[in-house]
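Take a look at the structure set out below.
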């Protein structure tokens, strides 16, 4: 910092008693003040950078493991006697066999495999071996069989997720010491897990299903995924974009270019600025009252979430749009009007295209903040357990129950199984990736199309 | 304007699809966050084994859930309210005013509330009197009520460790707080004799009013930082406990069972909390869990009847079912509940 004193600031004092080379007391004080201010600035930036780093580090150290998942490669014989007691292969009689039956089949398959290979650990009962297999595996196997009854009687390879504690062991979250105290797993089971890893049955791999699976209940953290939350968020962003752009742009153009400057427009302007600062939960309360209780729209649906988020982002978009309309120099308007364009032609042929990059940037940033919003969604029922994918938009998918990314983070963070903590951080990483993409898009648009005057 | 055409067509699609979505084909459940995990486990298994879509389950609190259920009848309102405390007369009145005249009450099991501390800390063997002595704003000393100045557990019970008192108790908005007050604090108040002393000083028209006032005095907890109300969920309590190893936290039994590697559970009156001791009635701090079904929806919403029957079936709520594995104390009178559900018996007046 000391070299800052040598920077040659022009001496403001009229007297010629000092020179740049020989500094008097006042000059020294002024230079010191500048050096101090620079230091404060750097300190402020460092504090925010360190906070960001700590935050990112905690999120990533907790969350990266959510993208890997241990699974078991099983060879399962789909015993016709067990899966189709009637023997007629009809869907009706097949669906009588519940997931409990399929679970027993998988447990038997793993036990048989271990007996064949002579893998055993003292003190692990066949039932405890069954606890290695995720509870979602029987359901997936059952759906496979129901979709293709021809499979019955065949021997197939089936990849089943390992249960949350085994997965945690492979990620280092569960240890022999913690297993001794844990009522859900024993150290012997972990020894068996070691043997299964050696045998190559138990493997850990990148887990795409974390991004595609629906949410799962507290008993099967390993199969919980973000599929529905991502679809819900995308639906909402799409709807917000198509609602907020026309309304926001129309309102701003009118206010900026056509509206007379009087008391009423002043009041509207103040209100828009105020609405931009209203806490988002208020919009949730409003949404519950208007869209669900009055308009009778279904709860937990992306359409309601989108309407609420539209109301929330609208003021921000209007402010950003007006700023970029104002940034178009008046000479453009004057020139257009001068060659005989009407006011409307001036705006739509000249001003709006020039302001478009700024409008797009503002809209994307507004959407990004809407994407990360949880509070208003709490009240309209989107913080829910939803296990069925919403249908496509053409089949009324906007009205089907769904969740959203930030909401999934919130609901996983309060689950009791420790495996959900990593899932919650994993969901934050996905959300951050979405936000990053949107922000980069905004920057690219601005860089490529913005014109400086 | 390409954008304009795009917008108009998108809105048209949305309008068309609105008509398609008018009838609801999934069951909607809301209410207590304590019941939420049980409800999701059942909903998930239901979706897997039946041809109906998986019910949508929301949390948010018992009171809020019951209020939502009482908003009226129709596909736009929820079908089931989960509740960790019994419905109140006020809720029933609101329901009736909004046309929800018949409600089916289903008690599907019990939930234990446990005290637990850091797994590496000393062992605690509490009685309700110990908790009262540690937390109440006024305690009995030499036969008179004085302000609570206890700083360490060993001060009033030499059997407890000489460790600073810090209890993370459930916040007042939790259903858990009600049970905590009733089964621990008031019980301890009576054990220590403070209740009798309060009775002598409080004003009231008759005995029951005086009793209520004395109970109110008992449940006033100290505010000098030794008792911390946690308004969040159990994960927050666990985090606080992780930061301050001296603390004793209040958890649900199922939460404790999923985190036994981090928590050491305290006994109450010498009884270790478990599904068995709670079912036998030995462990004193437990409460029934309910859900309330709008009977008018039973034949309207597809899958509702099946979901309710599946929930109380032995496969789910029975002593060997997945709910019991997760920490639910199975209801010994489950068979009676199943019969009531099958017969669609609406609940009578509160007693």
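The values are calculated or read from the model by the stated rules, or taken from the named source; none is laboratory data. Owing to the predicted nature of the structure, the values given are computational and were not obtained by experimental measurement. Cβ atoms come from the backbone with ideal geometry, glycine included; neighbour counts cover every protein chain shown.
Checking region A:174-183 against the condition returns no match, with no residue being surrounded by fewer than 21 Cβ atoms within 10 Å (Cβ to Cβ), touching a residue at least 60 places away in the same chain (Cβ under 8 Å) and in a helix (DSSP H, G or I).
Restricted to strands (runs of 3 or more DSSP E) entirely inside region B:45-151, those with at least 2 residues that are touching a residue at least 12 places away in the same chain (Cβ under 8 Å) and within 14 Å of chain A (Cβ to nearest Cβ) are B:56-60, B:80-83, B:103-118.
May I ask you to verify whether residue A:123 is surrounded by fewer than 22 Cβ atoms within 10 Å (Cβ to Cβ), more than 40 Å from the chain's Cα centre (by Cα), in contact (Cβ under 8 Å) with a residue 60 or more places away in the chain and not in a helix (DSSP H, G or I)? It is true that residue A:123 is surrounded by fewer than 22 Cβ atoms within 10 Å (Cβ to Cβ), more than 40 Å from the chain's Cα centre (by Cα), in contact (Cβ under 8 Å) with a residue 60 or more places away in the chain and not in a helix (DSSP H, G or I). The single residue among A:370, A:419 that is surrounded by 18 or more Cβ atoms within 10 Å (Cβ to Cβ), under 30 Å from residue A:288 (Cα atoms) and in contact (Cβ under 8 Å) with a residue 40 or more places away in the chain turns out to be A:370. Being assigned to a loop (DSSP other than H, G, I, E, B) and over 25 Å from the mean Cα position of the chain (by Cα) is the filter; apply it to region A:193-249 and report the residue that is surrounded by the fewest Cβ atoms within 10 Å (Cβ to Cβ). Step by step, filter region A:193-249, then rank; the result is A:200. If you take the residues of region B:231-261 that are at the interface with chain A (Cβ under 10 Å from one of its Cβ atoms) and assigned to a loop (DSSP other than H, G, I, E, B), which of them is modelled with the lowest pLDDT? Restricting to residues being at the interface with chain A (Cβ under 10 Å from one of its Cβ atoms) and assigned to a loop (DSSP other than H, G, I, E, B), the top hit is B:232. Here is the figure for region B:253-280: residues that are touching a strand residue (DSSP E or B) at 6+ places or on another chain (Cβ under 6 Å) and within 21 Å of residue B:125 (Cβ to Cβ) total 12. The selection criterion, being crowded, with 16+ Cβ neighbours inside 10 Å, more than 34 Å from the chain's Cα centre (by Cα) and away from chain B (no Cβ under 14 Å), holds for residue A:78. Scan region B:69-86 for residues that are within 21 Å of residue B:350 (Cα to Cα), in contact with a strand residue (DSSP E or B) (Cβ under 9 Å, 6 or more places away or on another chain) and surrounded by fewer than 21 Cβ atoms within 10 Å (Cβ to Cβ) and the total you get is 2.
Looking at A:188, A:222, A:198, which is the one that is touching a strand residue (DSSP E or B) at 6+ places or on another chain (Cβ under 8 Å) and outside the structural domain of residue A:425 (by TED's automatic domain parsing)? On inspection, the qualifying residue turns out to be A:222.
From the list A:244, A:308, the one residue that fits, being touching a residue at least 24 places away in the same chain (Cβ under 8 Å), closer than 30 Å to residue A:400 by Cβ and more than 12 Å from chain B (Cβ to nearest Cβ), is A:308. The sole residue among B:328, B:304 that is crowded, with 17+ Cβ neighbours inside 10 Å, in the same structural domain as residue B:67 (by TED's automatic domain parsing), modelled with pLDDT of 90 or more and closer than 22 Å to residue B:180 by Cα is B:328.
In the set A:357, A:390, A:401, A:376, which member is more than 10 Å from chain B (Cβ to nearest Cβ) and closer than 21 Å to residue B:29 by Cβ?
Of the residues listed, the single one that is more than 10 Å from chain B (Cβ to nearest Cβ) and closer than 21 Å to residue B:29 by Cβ is A:390.
The lone criterion from (1) touching a strand residue (DSSP E or B) at 6+ places or on another chain (Cβ under 7 Å); (2) surrounded by fewer than 23 Cβ atoms within 10 Å (Cβ to Cβ) left unmet by residue A:270 is number (1).
Quick one: would you say residue B:286 is crowded, with 18+ Cβ neighbours inside 10 Å and away from chain A (no Cβ under 13 Å)? Judged against the criteria, residue B:286 is a match. Scanning region A:276-297 for residues that are away from chain B (no Cβ under 11 Å) and more than 17 Å from residue A:402 (Cα to Cα) returns A:276, A:277, A:278, A:279, A:280, A:281, A:282, A:283, A:285, A:286, A:289, A:290. When each of A:314, A:378, A:352, A:394 is tested for being part of a helix (DSSP H, G or I), closer than 23 Å to residue A:229 by Cα, in the same structural domain as residue A:234 (by TED's automatic domain parsing) and touching a residue at least 40 places away in the same chain (Cβ under 8 Å), the lone residue that passes is A:378.
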